[in-house]
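**Q** Pasting in a structure now, in structure tokens, and then I'll have a few things to ask.
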Amino acid sequence: MSGIVGIYNLDGRPVEREKIGRMVDVLAHRGPDGAEVWCDDSSVGLGHRMLWTTPESLLEQLPLKDRTGNLILTADARIDNRDELIYALKLNDRPADKITDSDLILAAYDKWGRDCPGKVIGDFAFAIWDKRKQLLFCARDYMGVKPFYYYYQPGKLFVFASEIKGLFCLDAVPRNVNEAKVGIYLCQLSGFAKLKPDTFYQDILRLLPAHWMEVSEKGIESQSFWDLDAEAKKIQQTLKTDADYIEEFRKRFTEAIGCRLRSAYPVASTLSGGVDSSSVSCVARNVLRDKDSDAELLTIYSDCDTPSADETAYVDTVLAQGGFNHHVAKVGNPISAAQTVTPWLDQPVQMPTPAMLLAIVREVKQQGARVVLTGHDGDTIVSHGRDYPHELLALGEWEKVLKIVEGRYQNKSDSAKDIESDLYNYLLPYGTELVKKLAIKNYINLFFRPGKYWNISPKKTIKIVLQSIYHNFRRVNLNKFNGSISNQFAKSIKLGKLLQDEFNYQFGYLPTEYLNHYRGITSGNMQEASEQIDGISAAVSIEPRHPFLDKRVIELCLAAPAHLKYCNGLGRGVMRQAMKDILSEEVRQRKSKVDFYGFIINRMKTTESSIIKNLLLEQKSKLSHYLNTNAVQENYQKLSKSAAKWQQRRREARIINCAIYLSLWLKVIE
């Protein structure tokens with residue numbers, strides 16, 4: 001992990017070294033091992049902050065010129081297919097360990113031009129000033145692990161940085177709040193959001209993942225360099241059996257983790273006791289021990305000191321295998337953690353709480369590591385396969401749908417209502433889609449054929465019929481998502497329409513597991529979460545690495561058959577089967593997942609009650625533009641006494657936290 005910045009004066013004015021220097025200085029936390037600036041009295045200036053992580057990074061000096069002096073690079077990058085690139089680029093003039101990742105990027109651009117990002121595997125964000133073509137070439141990795149923000153004023157200015165605060169070093173960059181973004185944020189939708197380049201600041205954008213961009217006096221041109229769908233389809237043509245997919249997952253997952261263990265310093269791994277982090281930790285331990293039988297992997301568990309969030313029983317089954325140097329990070333209070341990290345993020349907190357991650361990266365730092373492996377976002381990448389029944393319904397495979405739903409419940413007699421509810425939740429969107437398409441014959445079959453297999457009452461059937469018709473005409477009710485939003489604010493940004501469009505995208509019916517899986521992988525949620533993890537980790541000079549976000553793993557997981565994604569009542573089936581004899585059986589077969597809102601709500605009611613009240617009062621004048629602050633305060637008072645069902649209390653806490661996180665951000669930008 002490093003920090004990159006750059007200025008391109010499109011009107012030809014020379015870049016002032018002082019300005020690029022200020023941008024570099026404000027990102028000092030991203031790279032304590034060095035800082036350099038390149039200006040060369042031209043209209044382009046590049047800057048870099050260095051954090052040594054890989055052995056090759058110890059040799060790097062950035063910004064880097066090629067031998068001709070025509071190409072200048074600044075990069076935040078870790079390249080994983082080094083051997084392949086060294087061979088293809090014929091870099092045989094020195095040993096491989098003397099070739100830096102920056103050398104590879106420059107040589108790849110020199111040989112392949114615009115096509116170079118698609119030849120590179122790894123995590124990267126970089127910019128190259130091409131003197132020959134008089135353009136700035138920028139690129140960002142496949143899943144946007146490395147951040148890249150920019151501001152563009154046609155004909156005058158293009159400026160970029162790893163963090164938005166770097167852009168704000170220039171007076172020419174505006175700091176206007178993107179109110180449309182705030183409005184959707186306050187609604188707290190729970191689906192997979194559409195991936196967009198916008199940020200919480202108007203006119204400050206992100207370079208989208210898997211995109212290159214060329215900037216010149218003529219303007220900006222940008223294009224994707226990764227066709228995920230095409231790559232997944234190629235795999236489907238090659239792999240024929242379930243065993244093929246399971247073996248290929250194990251191979252690619254191990255390779256992804258091995259690449260991310262390349263470090264000149266100790267590497268840590270999160271270990272929560274969940275399937276994702278435990279899989280990463282166990283495979284990483286095995287990779288290390290293949291090289292050194294006495295090697296131990298540094299692992300970190302975040303302890304919330306709350307019974308409902310306690311996963312130590314599962315962690316202990318992993319540790320019992322041996323090969324770990326385990327540490328526990330004590331988690332602080334959720335709101336206090338948000339106060340700490342909000343200035344680092346340049347936007348409101350967008351995770352339930354940053355407290356666990358903050359505790360982990362601080363412990364990683366304390367243990368002398370510079371890299372931490374994570375399980376982010378294994379749920380989405382491997383997929384729980386819960387949309388598989390949609391395609392079975394379309395095929396009329398009613399018995400299979402029932403079998404899948406029943407597989408979720410160990411004691412079926414005690415879960416009859418839950419099973420019926422799940423079946424209803426699958427039938428309703430399918431029925432709604434059939435109404436939309438006027439597929440009357442299929443629509444009639446939908447409500448008569450299931451009766452042969454499922455005990456759905458006539459009353460429930462009539463309800464499905466009516467609701468499937470109603471859902472085609474309904475409009476999203478803003479108050480249902482957050483009744484505290486100011487009516488005046490909502491009208492000023494036309495929030496009702498924005499919400500309807502976003503809702504339709506996030507919850508629009510897709511007929512197959514593959515399409516739903518693709519929507520999740522390419523969602524804005526993934527991007528926002530990765531950027532927030534980067535911001536919090538970078539603030540303490542730690543580089544997060546995410547094996548599940550390796551393009552090779554992603555392509556394989558998307559390609560896997562739907563029945564392997566949801567298998568024998570368990571999601572992420574292809575990984576669970578691939579981890580046989582690697583993970584402890586208690587974890588490999590684990591169905592439960594901790595809901596950290598138990599921890600969050602407990603602290604909201606107790607140790608953090610006074611700080612919450614103070615924050616809502618302090619920022620009342622700022623918040624009142626967006627929210628009815630009296631309503632927010634009343635909702636908080638009700639939460640402490642609420643006897644509502646868990647999901648309702650969870651939603652209430654989420655909305656209140658959202659207001660608090662927004663108030664913290666408004667305080668920072670004030």
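**Q** For Asp110, state whether it is touching a His at 6+ places or on another chain (Cβ under 9 Å) and acidic (Asp, Glu). Step through it out loud before you land on a result.
**A** Details: touching a His at 6+ places or on another chain (Cβ under 9 Å): no; acidic (Asp, Glu): yes.
So Asp110 does not fit the description; no.
**Q** For Val361, are the conditions met, namely being surrounded by 23 or more Cβ atoms within 10 Å (Cβ to Cβ), assigned to a loop (DSSP other than H, G, I, E, B) and not small (Gly, Ala, Ser)? Give the steps one after another, and end with the answer.
**A** Numbers: surrounded by 23 or more Cβ atoms within 10 Å (Cβ to Cβ): yes; assigned to a loop (DSSP other than H, G, I, E, B): no; not small (Gly, Ala, Ser): yes.
No, not satisfied.
**Q** So in the stretch 320-330, with the set limited to residues that are among the hydrophobic types (A, V, I, L, M, F, W, C) and without any contact (Cβ under 8 Å) to a residue 40 or more places away in the chain, which one is nearest to Val287 (Cα to Cα)? I'd like the intermediate steps shown before the answer.
**A** Within the stretch 320-330, the first condition is being among the hydrophobic types (A, V, I, L, M, F, W, C), and the residues that meet it are 320, 324, 328-329.
Restricting the remaining residues to those that are without any contact (Cβ under 8 Å) to a residue 40 or more places away in the chain gives 328-329.
Values: Val328: 23, Ala329: 25 Å.
So, considering only residues that are among the hydrophobic types (A, V, I, L, M, F, W, C) and without any contact (Cβ under 8 Å) to a residue 40 or more places away in the chain, the one nearest to Val287 (Cα to Cα) is Val328.
**Q** Also, I was wondering about something else. What's the number of the only condition in (1) closer than 21 Å to Ile533 by Cβ; (2) of a type in the set (S, T, N, Q); (3) free of Cβ contacts under 8 Å to residues at least 12 places away in the same chain that Thr241 fails to meet?
**A** So the condition that Thr241 fails would be (1).
**Q** Then there's this: Might you check whether a residue that is modelled with pLDDT of 95 or more and either within 20 Å of the chain's Cα centre (by Cα) or part of a loop (DSSP other than H, G, I, E, B) (or both) occurs anywhere in the stretch 107-120? Reasoning before the result, please.
**A** Going through the stretch 107-120, the residues modelled with pLDDT of 95 or more turn out to be 107-120.
Keeping just the survivors that are either within 20 Å of the chain's Cα centre (by Cα) or part of a loop (DSSP other than H, G, I, E, B) (or both) gives 120.
Checked against the condition, which is being modelled with pLDDT of 95 or more and either within 20 Å of the chain's Cα centre (by Cα) or part of a loop (DSSP other than H, G, I, E, B) (or both), the stretch 107-120 yields at least one hit.
Results for (1) more than 17 Å from the chain's Cα centre (by Cα); (2) within 30 Å of Leu495 (Cα to Cα), shown as yes or no for each residue.
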| position | (1), (2) |
| --- | --- |
| Asp103 | yes, no |
| Asp123 | no, no |
| Asp130 | yes, no |
| Arg140 | no, no |
| Gln153 | yes, yes |
| Leu157 | yes, no |
| Pro174 | yes, yes |
| Asn178 | yes, yes |
| Lys194 | no, yes |
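**Q** Can you work out which of the residues in the stretch 564-583 that are assigned to a helix (DSSP H, G or I) and out of contact with any Phe, Trp or Tyr (no Cβ under 7 Å at 6 or more places or on another chain) is surrounded by the fewest Cβ atoms within 10 Å (Cβ to Cβ)? Steps first, please.
**A** Kept after step one, since they are assigned to a helix (DSSP H, G or I), are these residues of the stretch 564-583: 564-565, 573-578.
Within this subset, residues satisfying the condition of being out of contact with any Phe, Trp or Tyr (no Cβ under 7 Å at 6 or more places or on another chain) are 576-577.
On the way: Arg576: 22, Gln577: 20.
Result: Gln577.
**Q** Working carefully through the options Asp346, Asp377, Asp276, find the one that is modelled with pLDDT under 95, surrounded by 21 or more Cβ atoms within 10 Å (Cβ to Cβ), under 30 Å from Asp581 (Cβ atoms) and outside the structural domain of Ile612 (by TED's automatic domain parsing).
**A** Sole residue among the options that is modelled with pLDDT under 95, surrounded by 21 or more Cβ atoms within 10 Å (Cβ to Cβ), under 30 Å from Asp581 (Cβ atoms) and outside the structural domain of Ile612 (by TED's automatic domain parsing): Asp377.
**Q** Between Tyr505, Tyr518, which is surrounded by fewer than 19 Cβ atoms within 10 Å (Cβ to Cβ), at pLDDT below 95, not assigned by TED's automatic domain parsing to the domain that holds Ser624 and not basic (Lys, Arg)?
**A** Working: Tyr518 fails: at pLDDT below 95.
Criteria check complete, one pass: Tyr505.
**Q** Given (1) farther than 30 Å from Lys218 by Cα; (2) surrounded by fewer than 18 Cβ atoms within 10 Å (Cβ to Cβ); (3) without any contact (Cβ under 8 Å) to a residue 24 or more places away in the chain, identify the lone condition not met by Leu89.
**A** Result: Leu89 passes all but (2).
**Q** Let me ask you something else. Of the conditions (1) of a type outside the set (Phe, Trp, Tyr); (2) modelled with pLDDT under 95; (3) over 26 Å from Met575 (Cβ atoms), Pro352 fails just one. Which one is it?
**A** The single condition Pro352 does not satisfy is (3).
**Q** Among what's in the stretch 176-195 and is in a loop (DSSP other than H, G, I, E, B) and either among the hydrophobic types (A, V, I, L, M, F, W, C) or modelled with pLDDT of 95 or more (or both), pick the residue that is nearest to Asn482 (Cα to Cα). Steps first, answer last, please.
**A** From the stretch 176-195, those in a loop (DSSP other than H, G, I, E, B) are 176, 178, 188-195; that's our starting set.
After this cut, where a residue has to be either among the hydrophobic types (A, V, I, L, M, F, W, C) or modelled with pLDDT of 95 or more (or both) as well, the list is 176, 178, 189, 192-193, 195.
Working: Asn176: 24, Asn178: 19, Leu189: 10, Phe192: 18, Ala193: 17, Leu195: 22 Å.
Once the filter is applied, the top-ranked residue is Leu189.
**Q** Condition first: of a type in the set (S, T, N, Q), at pLDDT 95 or above and over 22 Å from Trp226 (Cβ atoms). Can you find one or more residues in the stretch 154-174 that meet it?
**A** Going residue by residue through the stretch 154-174, those that are of a type in the set (S, T, N, Q) are 162.
So of that shortlist, the ones also at pLDDT 95 or above come out as 162.
With the extra rule that they be over 22 Å from Trp226 (Cβ atoms), the set shrinks to none.
Checked against the condition, which is being of a type in the set (S, T, N, Q), at pLDDT 95 or above and over 22 Å from Trp226 (Cβ atoms), the stretch 154-174 yields no hits at all.
**Q** Determine whether the stretch 313-331 contains at least one residue that is touching an Asp or Glu at 6+ places or on another chain (Cβ under 8 Å), in a helix (DSSP H, G or I) and more than 19 Å from Phe599 (Cβ to Cβ).
**A** yes
The values are calculated or read from the model by the stated rules, or taken from the named source; none is laboratory data. Please read these numbers as outputs of a predicted model, since none were measured by experiment. Here the Cβ is made from the backbone with ideal geometry for all residues, glycine too, and neighbour counts use every protein chain on show.
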